[in-house]
Amino acid sequence: MVNFPDEHGFFGDHGGVFVSDELKPVMAEIREEFLKCKDDPAFVEEYKDYLHNYVGRPTPFYFARRLTERLGGAKIYLKREDLNHTGSHKINNAIGQVLLARRLGKKRVIAETGAGQHGVATATACAMFNMECIVYMGEEDIRRQELNVFRMKLLGANVVSVTQGTKTLKDAIDVALADLAANYKDTYYMIGSAVGPDPYPQMVKFFQSVIGEETIEQSKVAEGVLPDYVLACVGGGSNAVGMFAPFYNEKTALIGIEPAGKGLETGMHAATLCAGTPGVLHGFKSYLLQDENGEPLPAYSVSAGLDYPGVGPEHSFYKDSGRAQYVTVTDGEALDAFCLLCEEEGIIPALESSHAVAYAVKLAPALDKDKILVINLSGRGDKDVHQVLEILNKK
Ligand SMILES: *Cc1c(COP(=O)(O)O)cnc(C)c1O
């Protein structure tokens with residue numbers, strides 16, 4: 001894998017540490033411990049042991065025969081992150097960071113959550129390690145994600161309603177950063193995607209890279225070669241960077257799929273890389289959806305896990321350098337792909353992951369039959385069936 005970022009936390013023009021003076025030493029402390037842990041075989045072995053025995057890794061690399069036949073082009077494989085404990089890739093990162101928090105001697109873990117998936121993964125990891133867990137969540141999101149709020153409470157977390165601003169994920173991150181500034185002596189902030197000030201983007205990449213590393217090994221066993229294409233949806237960018245980074249020095253084409261929502265022209269989307277401009281949000285520089293004053297614009301997607309107005313700095317760097325390509329699919333295309341995967345493969349995908357499936361539906365038929373295309377199926381769709389039912393009923 002590549003040695004990004006540089007010593008200041010930059011991936012090309014993006015990343016860095018844009019935080020208040022009181023938070024700078026906090027980030028430095030986390031960075032120092034993370035760099036130690038990632039090169040400590042005992043730490044890595046403990047992390048891998050939990051991934052195996054608790055999360056259920058390695059996840060399968062599944063040949064989607066019926067989907068391949070239906071689309072009539074490239075051979076399609078699914079990397080089954082949906083089969084992880086708690087139902088998505090988010091647990092890979094939560095386990096890694098909770099082990100780091102323990103190394104730092106912190107007893108209290110705080111996290112932000114939008115749709116609730118990272119909150120559930122954090123509450124799960126904290127339950128297992130007997131850590132106090134506080135999850136900040138926008139009042140609006142609490143209302144929309146009742147079931148995940150209850151899950152977090154069952155797991156022993158204290159879910160705190162955030163009533164400022166738009167009452168959504170962006171505001172929950174602001175409140176979590178303020179909590180950290182006030183309580184850093186005993187508190188660890190667990191960020192849920194490859195975003196935030198350094199070292200978070202490189203740390204989340206490190207803990208999610210197991211996805212791409214396994215895919216490389218599994219593709220060699222199944223096909224004798226690496227895939228020609230790998231596809232992943234991009235919200236903050238953690239499942240995508242975990243899949244892409246191990247392929248960085250290979251020839252494999254990397255394609256990230258952003259949510260075009262109701263269409264880029266409507267302004268109701270969350271296509272940060274495809275439609276944003278560089279700026280600073282939540283302590284790091286990257287492409288952003290922002291107005292002329294640098295204020296973040298409200299982001300929208302049918303999939304709650306993708307509607308964030310920023311994106312991980314490593315993706316902004318991949319975009320600038322051309323190493324990865326970023327495209328969009330609409331809500332409607334994602335919903336069609338959701339239904340298609342249910343019917344053809346008996347797999348209910350998360351609405352987030354359905355965006356990657358939707359792009360495969362466009363791309364695969366145009367490719368030769370000997371090409372290999374992998375979709376990172378980042379999560380399962382049980383959490384989304386109620387929402388999909390309501391949408392389909394309205395049609
Ligand atoms: C949270 C989530 C995402 C989006 O987050 P990334 O950091 O971009 O991976 C994608 N898929 C699922 C299933 C999620 O829960």
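Tabulated values for the structure
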| quantity | calculated |
| --- | --- |
| In nm, spacing of pseudo-spin labels at E223 and L104 (7 Å Cα→C-beta vector) | 3.9 |
| Free-standing Cys residues across the chain, given no other cysteine C-beta under 4.7 angstrom | C37, C233, C274, C339, C342 |
| Summed side-chain charge close to E295 - residues other than E295 whose Cβ falls under 15 Å, Lys, Arg +1, Asp, Glu -1 | -3 |
| Loop sites in region 151-259: trypsin sites (Lys or Arg not before Pro), DSSP, at most 12 other Cβ within 10 Å | K185, K251 |
| Contact order normalised by residue count of the chain, Cα under 8 Å, 6+ apart, percent | 21 |
| GNM flexibility winner over the chain from Q145, Q290, Q164 (Cα, springs under 10 Å) | Q164 |
| Space enclosed by the convex hull of the alpha-carbon atoms of the chain, per residue, Å³ | 130 |
| Flagged links, alpha-carbon separation over 31 Å, of K24/K262; K90/K185; K48/K369 | K24/K262; K48/K369 |
| The chain - charge dipole about Cα centre, Lys and Arg +1 at Cβ, Asp and Glu -1, debye rounded to 20 | 760 |
| Residue order, fewest to most beta carbons within 10 Å, for V210, V204 | V210, V204 |
| Out-of-range pairs (alpha-carbon distance over 19 Å; input K167/K285; K75/K220; K220/K371; K36/K170; K251/K285; K220/K251) | K167/K285; K36/K170; K251/K285 |
| DSSP bridge orientation in the chain - percent antiparallel, rounded to nearest 5 | 30 |
| Between region 130-203 and region 247-310, the alpha-carbon center distance in angstrom | 21 |
| Helix-only [θ]222 nm of the chain, DSSP H runs n ≥ 4, -39500 (n - 2.57) each, per residue, nearest 500 | -13000 deg cm²/dmol |
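Values in this text are rule-based calculations from the coordinates and carry no lab data. In this text, all values refer to a predicted model and were calculated from it rather than measured experimentally. With ideal geometry, Cβ positions are generated from the backbone for all residues, glycine too; neighbour counts draw on all protein chains shown.
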